[in-house]
(Lines give C-alpha, C1' and ligand atoms only; values in the text may rest on other atoms or scores of the structure.)
Protein backbone atom coordinates (compact mmCIF):
# COMPACT_ATOMS: atom_id res chain seq x y z
CA UNK A 1 0.00 0.00 0.00
CA UNK A 2 1.96 2.11 -0.14
CA UNK A 3 3.45 5.32 -2.37
CA UNK A 4 6.83 6.12 -0.83
CA UNK A 5 9.93 4.77 -2.52
CA UNK A 6 11.80 3.10 0.28
CA UNK A 7 11.87 -0.17 2.13
CA UNK A 8 9.73 -0.63 5.20
CA UNK A 9 11.80 -0.79 8.41
CA UNK A 10 11.95 -3.84 10.67
CA UNK A 11 9.91 -2.18 13.39
CA UNK A 12 7.13 -1.47 10.95
CA UNK A 13 7.07 -5.13 9.93
CA UNK A 14 6.58 -6.10 13.55
CA UNK A 15 3.67 -3.67 13.84
CA UNK A 16 2.02 -4.96 10.66
CA UNK A 17 2.53 -8.57 11.77
CA UNK A 18 0.87 -7.72 15.08
CA UNK A 19 -2.02 -6.01 13.31
CA UNK A 20 -2.91 -8.90 11.07
CA UNK A 21 -1.99 -11.96 13.09
CA UNK A 22 -3.99 -11.04 16.19
CA UNK A 23 -6.81 -9.43 14.23
CA UNK A 24 -10.22 -10.59 15.38
CA UNK A 25 -13.10 -11.82 13.21
CA UNK A 26 -15.82 -9.33 12.38
CA UNK A 27 -19.47 -10.40 12.44
CA UNK A 28 -22.21 -8.49 10.64
CA UNK A 29 -25.87 -9.24 9.92
CA UNK A 30 -27.90 -7.79 7.08
CA UNK A 31 -31.26 -6.26 7.86
CA UNK A 32 -32.60 -7.36 4.52
CA UNK A 33 -32.96 -11.13 4.19
CA UNK A 34 -33.57 -11.00 0.45
CA UNK A 35 -30.45 -8.92 -0.14
CA UNK A 36 -28.45 -11.22 2.12
CA UNK A 37 -29.54 -14.30 0.18
CA UNK A 38 -28.74 -12.56 -3.11
CA UNK A 39 -25.37 -11.43 -1.77
CA UNK A 40 -24.49 -14.94 -0.63
CA UNK A 41 -25.51 -16.49 -3.93
CA UNK A 42 -23.64 -13.95 -6.05
CA UNK A 43 -20.48 -14.04 -3.94
CA UNK A 44 -20.26 -17.82 -3.90
CA UNK A 45 -20.76 -18.00 -7.65
CA UNK A 46 -18.20 -15.28 -8.36
CA UNK A 47 -15.50 -16.95 -6.25
CA UNK A 48 -16.06 -20.27 -7.99
CA UNK A 49 -15.75 -18.55 -11.35
CA UNK A 50 -12.60 -16.68 -10.30
CA UNK A 51 -11.00 -19.99 -9.27
CA UNK A 52 -11.89 -21.69 -12.55
CA UNK A 53 -8.97 -22.27 -14.94
CA UNK A 54 -10.61 -20.01 -17.52
CA UNK A 55 -10.39 -16.98 -15.23
CA UNK A 56 -7.55 -17.88 -12.86
CA UNK A 57 -5.04 -18.91 -15.54
CA UNK A 58 -5.97 -15.82 -17.55
CA UNK A 59 -5.32 -13.52 -14.56
CA UNK A 60 -1.98 -15.23 -13.87
CA UNK A 61 -0.92 -14.74 -17.49
CA UNK A 62 -1.81 -11.03 -17.39
CA UNK A 63 -0.12 -10.51 -14.03
CA UNK A 64 3.13 -12.05 -15.26
CA UNK A 65 3.05 -10.12 -18.52
CA UNK A 66 2.71 -6.83 -16.66
CA UNK A 67 5.33 -7.88 -14.13
CA UNK A 68 7.94 -8.40 -16.85
CA UNK A 69 7.66 -4.79 -18.05
CA UNK A 70 7.14 -2.50 -15.04
CA UNK A 71 6.70 1.22 -15.67
CA UNK A 72 7.02 4.15 -13.29
CA UNK A 73 4.62 7.00 -12.51
CA UNK A 74 2.86 8.42 -15.59
CA UNK A 75 4.98 6.19 -17.85
CA UNK A 76 2.64 3.17 -17.84
CA UNK A 77 2.12 3.12 -21.63
CA UNK A 78 2.74 -0.59 -22.22
CA UNK A 79 0.72 -1.51 -19.14
CA UNK A 80 -2.13 0.63 -20.42
CA UNK A 81 -1.94 -1.13 -23.79
CA UNK A 82 -2.25 -4.52 -22.11
CA UNK A 83 -5.28 -3.36 -20.12
CA UNK A 84 -7.02 -1.89 -23.16
CA UNK A 85 -6.32 -4.96 -25.27
CA UNK A 86 -7.99 -7.18 -22.68
CA UNK A 87 -10.96 -4.84 -22.30
CA UNK A 88 -11.36 -4.87 -26.10
CA UNK A 89 -11.43 -8.67 -26.08
CA UNK A 90 -14.08 -8.62 -23.37
CA UNK A 91 -16.19 -6.07 -25.24
CA UNK A 92 -15.91 -3.54 -22.44
CA UNK A 93 -16.04 0.15 -23.38
CA UNK A 94 -13.53 2.53 -21.84
CA UNK A 95 -12.04 6.01 -21.81
CA UNK A 96 -8.33 6.58 -22.49
CA UNK A 97 -6.13 8.39 -21.75
CA UNK A 98 -7.17 9.52 -18.29
CA UNK A 99 -4.48 11.12 -16.13
CA UNK A 100 -1.92 10.48 -18.88
CA UNK A 101 -1.94 6.65 -18.98
CA UNK A 102 -5.04 5.64 -17.00
CA UNK A 103 -7.98 3.66 -18.34
CA UNK A 104 -11.61 3.94 -17.15
CA UNK A 105 -13.88 1.04 -18.13
CA UNK A 106 -17.68 0.70 -17.95
CA UNK A 107 -19.87 -2.37 -17.41
CA UNK A 108 -23.65 -2.36 -16.98
CA UNK A 109 -26.52 -0.17 -18.05
CA UNK A 110 -24.59 3.06 -18.45
CA UNK A 111 -27.05 4.65 -16.05
CA UNK A 112 -27.12 5.38 -12.31
CA UNK A 113 -26.25 4.21 -9.79
CA UNK A 114 -22.50 4.18 -10.49
CA UNK A 115 -19.98 2.30 -8.33
CA UNK A 116 -16.21 2.26 -8.96
CA UNK A 117 -13.49 -0.34 -8.46
CA UNK A 118 -9.88 0.84 -8.49
CA UNK A 119 -6.53 -0.78 -9.27
CA UNK A 120 -3.16 1.01 -9.39
CA UNK A 121 -0.89 0.11 -12.30
CA UNK A 122 2.58 1.63 -11.72
CA UNK A 123 5.81 -0.02 -10.59
CA UNK A 124 8.79 1.11 -8.52
CA UNK A 125 12.42 2.11 -9.22
CA UNK A 126 13.78 -1.07 -7.61
CA UNK A 127 16.04 -3.73 -9.12
CA UNK A 128 14.30 -7.09 -8.81
CA UNK A 129 16.34 -9.74 -6.97
CA UNK A 130 13.86 -12.60 -7.32
CA UNK A 131 15.02 -15.24 -9.79
CA UNK A 132 12.06 -16.67 -11.70
CA UNK A 133 10.88 -17.09 -15.26
CA UNK A 134 8.92 -13.84 -15.34
CA UNK A 135 11.44 -11.59 -13.63
CA UNK A 136 11.39 -7.90 -14.60
CA UNK A 137 13.10 -7.37 -17.94
CA UNK A 138 13.63 -3.66 -17.23
CA UNK A 139 16.76 -2.81 -15.26
CA UNK A 140 16.11 -0.83 -12.12
CA UNK A 141 12.32 -1.21 -12.27
CA UNK A 142 10.06 -3.72 -10.54
CA UNK A 143 6.51 -4.38 -9.46
CA UNK A 144 7.49 -4.53 -5.79
CA UNK A 145 4.15 -3.45 -4.35
CA UNK A 146 1.70 -5.83 -6.01
CA UNK A 147 0.19 -3.40 -8.50
CA UNK A 148 0.55 -6.01 -11.24
CA UNK A 149 -1.65 -8.30 -9.11
CA UNK A 150 -4.12 -5.48 -8.41
CA UNK A 151 -4.48 -4.87 -12.15
CA UNK A 152 -4.92 -8.56 -12.94
CA UNK A 153 -7.57 -8.92 -10.22
CA UNK A 154 -9.58 -5.96 -11.48
CA UNK A 155 -9.44 -7.39 -15.00
CA UNK A 156 -10.58 -10.72 -13.54
CA UNK A 157 -13.50 -8.95 -11.91
CA UNK A 158 -14.25 -7.23 -15.22
CA UNK A 159 -14.35 -10.60 -16.99
CA UNK A 160 -16.78 -12.01 -14.42
CA UNK A 161 -18.96 -8.89 -14.40
CA UNK A 162 -19.15 -8.67 -18.18
CA UNK A 163 -20.27 -12.29 -18.35
CA UNK A 164 -23.03 -11.45 -15.84
CA UNK A 165 -23.78 -7.96 -17.11
CA UNK A 166 -27.52 -8.68 -17.12
CA UNK A 167 -27.31 -8.89 -13.28
CA UNK A 168 -25.87 -5.39 -12.97
CA UNK A 169 -28.53 -2.85 -11.98
CA UNK A 170 -26.49 0.26 -12.71
CA UNK A 171 -22.93 0.81 -13.88
CA UNK A 172 -19.61 -0.51 -12.62
CA UNK A 173 -16.74 1.87 -13.33
CA UNK A 174 -13.30 0.22 -13.62
CA UNK A 175 -10.50 2.58 -12.60
CA UNK A 176 -7.04 1.54 -13.79
CA UNK A 177 -5.10 4.35 -12.14
CA UNK A 178 -1.51 5.43 -12.84
CA UNK A 179 1.02 6.96 -10.49
CA UNK A 180 0.03 5.71 -7.05
CA UNK A 181 3.67 5.57 -5.95
CA UNK A 182 4.13 9.22 -5.09
CA UNK A 183 2.53 10.72 -8.18
CA UNK A 184 -0.94 11.34 -6.70
CA UNK A 185 -2.54 9.72 -9.72
CA UNK A 186 -5.87 9.50 -7.92
CA UNK A 187 -6.02 13.28 -7.64
CA UNK A 188 -5.52 13.66 -11.38
CA UNK A 189 -8.19 11.05 -12.15
CA UNK A 190 -10.66 13.02 -10.04
CA UNK A 191 -9.68 16.30 -11.67
CA UNK A 192 -10.63 14.90 -15.09
CA UNK A 193 -14.23 14.40 -13.91
CA UNK A 194 -14.57 10.74 -14.88
CA UNK A 195 -15.91 9.83 -11.43
CA UNK A 196 -18.35 12.72 -11.01
CA UNK A 197 -21.39 10.40 -11.12
CA UNK A 198 -19.89 7.69 -8.90
CA UNK A 199 -21.51 7.28 -5.48
CA UNK A 200 -18.96 4.85 -3.96
CA UNK A 201 -15.52 3.44 -4.72
CA UNK A 202 -13.68 0.33 -3.50
CA UNK A 203 -9.98 -0.53 -3.56
CA UNK A 204 -7.69 -3.21 -2.18
CA UNK A 205 -4.03 -3.94 -1.49
CA UNK A 206 -2.26 -7.28 -1.16
CA UNK A 207 -0.90 -7.99 2.33
CA UNK A 208 2.14 -10.22 2.70
CA UNK A 209 1.49 -11.23 6.32
CA UNK A 210 -2.24 -11.97 6.05
CA UNK A 211 -3.16 -15.54 5.00
CA UNK A 212 -4.60 -16.30 1.56
CA UNK A 213 -8.37 -16.13 1.69
CA UNK A 214 -8.40 -13.59 4.54
CA UNK A 215 -9.21 -9.88 4.41
CA UNK A 216 -8.76 -7.06 6.91
CA UNK A 217 -9.92 -3.47 7.25
CA UNK A 218 -11.90 -1.15 9.53
CA UNK A 219 -14.31 1.75 9.52
CA UNK A 220 -12.86 5.23 9.93
CA UNK A 221 -9.15 6.13 9.75
CA UNK A 222 -7.18 3.24 8.25
CA UNK A 223 -3.94 4.79 6.96
CA UNK A 224 -2.22 8.08 7.67
CA UNK A 225 -2.00 11.13 5.49
CA UNK A 226 1.55 12.14 4.65
CA UNK A 227 3.91 14.69 3.22
CA UNK A 228 7.63 14.88 2.52
CA UNK A 229 10.24 17.58 2.95
CA UNK A 230 13.75 18.41 1.82
CA UNK A 231 15.87 21.12 3.41
CA UNK A 232 19.20 22.72 2.55
CA UNK A 233 21.11 24.27 5.46
CA UNK A 234 23.81 26.73 4.40
CA UNK A 235 26.80 27.82 6.47
CA UNK A 236 30.43 28.57 5.71
CA UNK A 237 32.90 25.79 5.09
CA UNK A 238 36.34 25.54 6.58
CA UNK A 239 39.04 23.35 8.05
CA UNK A 240 37.73 21.02 10.75
CA UNK A 241 40.77 21.93 12.91
CA UNK A 242 39.75 25.61 12.96
CA UNK A 243 35.95 25.67 13.42
CA UNK A 244 36.05 29.25 14.69
CA UNK A 245 36.56 30.41 11.09
CA UNK A 246 33.59 28.44 9.77
CA UNK A 247 29.84 28.47 10.26
CA UNK A 248 29.05 24.81 10.77
CA UNK A 249 25.91 23.57 8.92
CA UNK A 250 26.46 20.03 10.26
CA UNK A 251 25.91 21.23 13.81
CA UNK A 252 22.86 23.26 12.74
CA UNK A 253 21.38 20.29 10.84
CA UNK A 254 22.02 18.00 13.80
CA UNK A 255 20.12 20.35 16.09
CA UNK A 256 17.31 20.53 13.54
CA UNK A 257 16.96 16.74 13.49
CA UNK A 258 16.75 16.59 17.29
CA UNK A 259 14.27 19.45 17.55
CA UNK A 260 12.00 17.99 14.87
CA UNK A 261 11.42 15.02 17.16
CA UNK A 262 9.87 17.32 19.74
CA UNK A 263 7.01 18.10 17.37
CA UNK A 264 5.53 14.70 18.16
CA UNK A 265 6.82 13.99 21.66
CA UNK A 266 6.05 17.44 23.13
CA UNK A 267 3.46 19.10 20.89
CA UNK A 268 1.19 16.38 19.50
CA UNK A 269 -1.79 15.00 21.39
CA UNK A 270 -0.78 11.48 22.49
CA UNK A 271 -4.20 10.27 21.35
CA UNK A 272 -3.64 11.69 17.85
CA UNK A 273 -0.93 9.50 16.24
CA UNK A 274 1.70 11.46 14.30
CA UNK A 275 5.13 10.72 12.85
CA UNK A 276 8.07 12.91 11.85
CA UNK A 277 11.08 11.07 10.45
CA UNK A 278 14.32 12.46 9.03
CA UNK A 279 15.38 9.70 6.67
CA UNK A 280 18.48 11.20 5.03
CA UNK A 281 21.31 13.53 6.04
CA UNK A 282 24.02 14.46 3.59
CA UNK A 283 27.04 16.78 3.63
CA UNK A 284 29.85 16.80 1.09
CA UNK A 285 33.50 16.99 2.10
CA UNK A 286 36.38 15.05 3.61
CA UNK A 287 36.61 13.95 7.25
CA UNK A 288 38.59 17.08 8.11
CA UNK A 289 36.50 19.62 6.18
CA UNK A 290 33.40 21.45 7.42
CA UNK A 291 31.12 21.63 4.35
CA UNK A 292 29.40 24.74 3.09
CA UNK A 293 25.98 23.10 3.28
CA UNK A 294 24.06 20.06 4.46
CA UNK A 295 20.81 18.60 3.11
CA UNK A 296 18.26 16.61 5.05
CA UNK A 297 14.97 15.03 4.03
CA UNK A 298 12.15 13.04 5.50
CA UNK A 299 8.45 12.43 5.91
CA UNK A 300 5.63 13.43 8.24
CA UNK A 301 2.33 11.64 8.84
CA UNK A 302 -0.96 12.12 10.67
CA UNK A 303 -4.57 10.93 10.60
CA UNK A 304 -6.23 14.31 10.08
CA UNK A 305 -5.75 17.15 7.62
CA UNK A 306 -5.47 19.60 10.55
CA UNK A 307 -2.62 17.66 12.21
CA UNK A 308 -0.85 17.19 8.88
CA UNK A 309 -0.97 20.91 8.12
CA UNK A 310 0.23 21.78 11.63
CA UNK A 311 3.21 19.44 11.25
CA UNK A 312 4.10 21.00 7.91
CA UNK A 313 4.02 24.52 9.35
CA UNK A 314 6.07 23.56 12.39
CA UNK A 315 8.67 21.68 10.32
CA UNK A 316 9.22 24.86 8.32
CA UNK A 317 9.57 26.92 11.51
CA UNK A 318 11.92 24.51 13.27
CA UNK A 319 14.25 24.14 10.31
CA UNK A 320 14.59 27.84 9.56
CA UNK A 321 14.62 28.84 13.23
CA UNK A 322 17.26 26.34 14.32
CA UNK A 323 19.41 27.19 11.30
CA UNK A 324 19.32 30.85 12.39
CA UNK A 325 20.37 29.93 15.94
CA UNK A 326 23.60 28.56 14.47
CA UNK A 327 24.07 31.53 12.10
CA UNK A 328 23.04 29.45 9.09
CA UNK A 329 20.27 29.90 6.55
CA UNK A 330 17.85 27.24 5.35
CA UNK A 331 15.39 26.58 2.56
CA UNK A 332 12.63 24.00 2.94
CA UNK A 333 10.84 22.33 0.01
CA UNK A 334 7.72 20.21 0.55
CA UNK A 335 7.59 19.14 -3.13
CA UNK A 336 3.89 19.95 -3.34
CA UNK A 337 4.16 20.69 -7.06
CA UNK A 338 5.24 17.07 -7.63
CA UNK A 339 3.63 15.33 -4.69
CA UNK A 340 0.84 17.10 -2.79
CA UNK A 341 -0.01 16.28 0.79
CA UNK A 342 -1.74 12.90 0.86
CA UNK A 343 -4.86 12.91 3.05
CA UNK A 344 -5.57 10.09 5.49
CA UNK A 345 -7.33 6.99 4.17
CA UNK A 346 -10.68 7.07 6.00
CA UNK A 347 -13.20 4.31 5.31
CA UNK A 348 -16.87 5.19 5.14
CA UNK A 349 -18.90 3.65 7.99
CA UNK A 350 -21.78 2.45 5.82
CA UNK A 351 -19.42 0.99 3.23
CA UNK A 352 -17.68 -0.87 6.05
CA UNK A 353 -20.97 -2.59 6.88
CA UNK A 354 -21.40 -3.40 3.20
CA UNK A 355 -17.84 -4.75 2.93
CA UNK A 356 -18.21 -7.03 5.95
CA UNK A 357 -21.57 -8.32 4.74
CA UNK A 358 -20.17 -9.14 1.28
CA UNK A 359 -16.73 -10.34 2.36
CA UNK A 360 -18.07 -12.89 4.84
CA UNK A 361 -19.99 -14.48 1.95
CA UNK A 362 -16.87 -14.57 -0.23
CA UNK A 363 -14.16 -15.70 2.18
CA UNK A 364 -16.09 -16.88 5.22
CA UNK A 365 -17.07 -15.09 8.40
CA UNK A 366 -13.99 -16.16 10.37
CA UNK A 367 -11.67 -14.85 7.66
CA UNK A 368 -12.87 -11.24 7.82
CA UNK A 369 -10.74 -9.29 10.32
CA UNK A 370 -10.65 -5.84 11.87
CA UNK A 371 -7.22 -4.22 11.75
CA UNK A 372 -5.64 -1.35 13.62
CA UNK A 373 -4.70 1.85 11.75
CA UNK A 374 -1.21 2.02 10.23
CA UNK A 375 0.91 5.05 9.39
CA UNK A 376 1.71 4.17 5.79
CA UNK A 377 -0.14 6.21 3.16
CA UNK A 378 -2.17 5.48 0.05
CA UNK A 379 -3.43 7.85 -2.62
CA UNK A 380 -6.81 6.09 -2.63
CA UNK A 381 -7.44 8.69 0.08
CA UNK A 382 -7.95 11.37 -2.58
CA UNK A 383 -11.03 9.49 -3.79
CA UNK A 384 -12.32 9.32 -0.22
CA UNK A 385 -12.11 13.10 0.12
CA UNK A 386 -14.41 13.42 -2.90
CA UNK A 387 -16.88 10.54 -2.37
CA UNK A 388 -17.56 7.62 -0.01
CA UNK A 389 -14.77 5.07 -0.37
CA UNK A 390 -13.55 1.85 1.17
CA UNK A 391 -10.10 0.27 1.17
CA UNK A 392 -9.13 -3.17 2.46
CA UNK A 393 -6.22 -5.60 2.69
CA UNK A 394 -6.16 -8.94 0.87
CA UNK A 395 -4.05 -11.79 2.27
CA UNK A 396 -1.57 -13.75 0.17
CA UNK A 397 0.60 -15.65 2.68
CA UNK A 398 0.29 -19.43 2.39
CA UNK A 399 0.10 -21.22 5.72
CA UNK A 400 3.25 -23.22 6.39
CA UNK A 401 5.20 -21.54 3.58
CA UNK A 402 8.25 -19.32 3.94
CA UNK A 403 7.26 -15.75 4.92
CA UNK A 404 6.85 -13.45 1.94
CA UNK A 405 9.15 -10.47 1.57
CA UNK A 406 7.78 -7.08 2.56
CA UNK A 407 6.33 -4.54 0.16
CA UNK A 408 8.89 -2.37 -1.67
CA UNK A 409 11.56 -5.05 -1.23
CA UNK A 410 13.65 -6.29 -4.19
CA UNK A 411 12.71 -9.79 -2.98
CA UNK A 412 8.95 -9.11 -3.01
CA UNK A 413 6.80 -11.82 -4.59
CA UNK A 414 3.07 -12.28 -5.17
CA UNK A 415 1.27 -15.48 -4.21
CA UNK A 416 -1.01 -15.84 -7.21
CA UNK A 417 -3.42 -18.03 -5.23
CA UNK A 418 -4.77 -14.73 -3.87
CA UNK A 419 -5.92 -13.51 -7.28
CA UNK A 420 -9.35 -15.24 -7.33
CA UNK A 421 -10.26 -13.77 -3.95
CA UNK A 422 -9.49 -10.23 -5.07
CA UNK A 423 -11.40 -10.64 -8.33
CA UNK A 424 -14.43 -12.17 -6.59
CA UNK A 425 -14.46 -9.51 -3.88
CA UNK A 426 -14.28 -6.70 -6.43
CA UNK A 427 -17.13 -8.20 -8.47
CA UNK A 428 -19.24 -8.99 -5.40
CA UNK A 429 -18.77 -5.60 -3.74
CA UNK A 430 -19.85 -3.77 -6.89
CA UNK A 431 -22.77 -6.01 -7.83
CA UNK A 432 -24.24 -6.11 -4.34
CA UNK A 433 -23.77 -2.36 -3.88
CA UNK A 434 -25.83 -1.75 -7.01
CA UNK A 435 -28.46 -4.23 -5.82
CA UNK A 436 -28.86 -2.24 -2.61
CA UNK A 437 -28.86 1.14 -4.34
CA UNK A 438 -30.88 0.35 -7.44
CA UNK A 439 -32.94 3.39 -8.44
CA UNK A 440 -35.45 1.26 -10.28
CA UNK A 441 -35.60 -1.60 -12.74
CA UNK A 442 -32.42 -1.72 -14.82
CA UNK A 443 -32.55 -2.06 -18.56
CA UNK A 444 -29.79 -4.08 -20.23
CA UNK A 445 -29.68 -5.01 -23.89
CA UNK A 446 -33.31 -4.02 -24.40
CA UNK A 447 -34.63 -6.34 -21.66
CA UNK A 448 -35.71 -5.60 -18.12
CA UNK A 449 -34.35 -7.62 -15.20
CA UNK A 450 -36.10 -7.22 -11.88
CA UNK A 451 -34.31 -10.01 -10.02
CA UNK A 452 -31.20 -12.16 -10.25
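The values are calculated or read from the model by the stated rules, or taken from the named source; none is laboratory data. It should be emphasised that the depicted structure is a prediction, and the values quoted were computed from it without experimental measurement. Cβ: placed from backbone, ideal geometry, glycine included. Neighbour counts: every protein chain shown.
Quick look at the numbers
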item	result
Residue check, residue 204 over 30 Å from residue 51 (Cβ atoms) and surrounded by 15 or more Cβ atoms within 10 Å (Cβ to Cβ)	no
Only listed residue being touching a residue at least 12 places away in the same chain (Cβ under 8 Å) and closer than 19 Å to residue 158 by Cβ, chosen from 126, 83	83
Residues satisfying the stated conditions in segment 70-88, i.e. under 17 Å from residue 144 (Cα atoms) and either crowded, with 19+ Cβ neighbours inside 10 Å or not assigned by TED's automatic domain parsing to the domain that holds residue 152 (or both)	70, 71, 72, 73, 76, 79
Filter result for residue 235 (in the same structural domain as residue 273 (by TED's automatic domain parsing) and either surrounded by 17 or more Cβ atoms within 10 Å (Cβ to Cβ) or more than 30 Å from residue 421 (Cα to Cα) (or both))	yes
Hits in segment 125-164 - residues which are over 20 Å from residue 82 (Cα atoms) and surrounded by 24 or more Cβ atoms within 10 Å (Cβ to Cβ)	128
Segment 271-284: number of residues that are assigned to a loop (DSSP other than H, G, I, E, B) and exposed (fewer than 15 other Cβ atoms within 10 Å of the Cβ)	3
Residue satisfying condition, being part of a strand (DSSP E or B) and either closer than 23 Å to residue 243 by Cα or assigned by TED's automatic domain parsing to the domain that holds residue 394 (or both), within set 295, 299, 320	295
Residue in segment 416-437 that is outside any helix (DSSP H, G or I), outside the structural domain of residue 272 (by TED's automatic domain parsing), crowded, with 23+ Cβ neighbours inside 10 Å and in contact (Cβ under 8 Å) with a residue 24 or more places away in the chain present	no
Complete set of residues in segment 323-337 that are surrounded by 22 or more Cβ atoms within 10 Å (Cβ to Cβ) and part of a helix (DSSP H, G or I)	323
Given (1) buried (at least 17 other Cβ atoms within 10 Å of the Cβ); (2) out of contact with any helix residue (DSSP H, G or I) (no Cβ under 9 Å at 6 or more places or on another chain), index of the condition residue 240 fails	(1)
Qualifying residue in segment 29-40 (condition: in a helix (DSSP H, G or I), in the same structural domain as residue 138 (by TED's automatic domain parsing) and either closer than 30 Å to residue 183 by Cβ or modelled with pLDDT of 95 or more (or both))	no
Conditions (1) surrounded by fewer than 19 Cβ atoms within 10 Å (Cβ to Cβ); (2) over 26 Å from residue 190 (Cα atoms); (3) modelled with pLDDT of 95 or more: number failed by residue 412	(1)
Of all residues in segment 340-387 being more than 15 Å from the chain's Cα centre (by Cα) and part of a loop (DSSP other than H, G, I, E, B), the one that is surrounded by the most Cβ atoms within 10 Å (Cβ to Cβ)	371
Selection status of residue 309, at pLDDT 95 or above, surrounded by fewer than 20 Cβ atoms within 10 Å (Cβ to Cβ), in a strand (DSSP E or B) and outside the structural domain of residue 372 (by TED's automatic domain parsing)	no
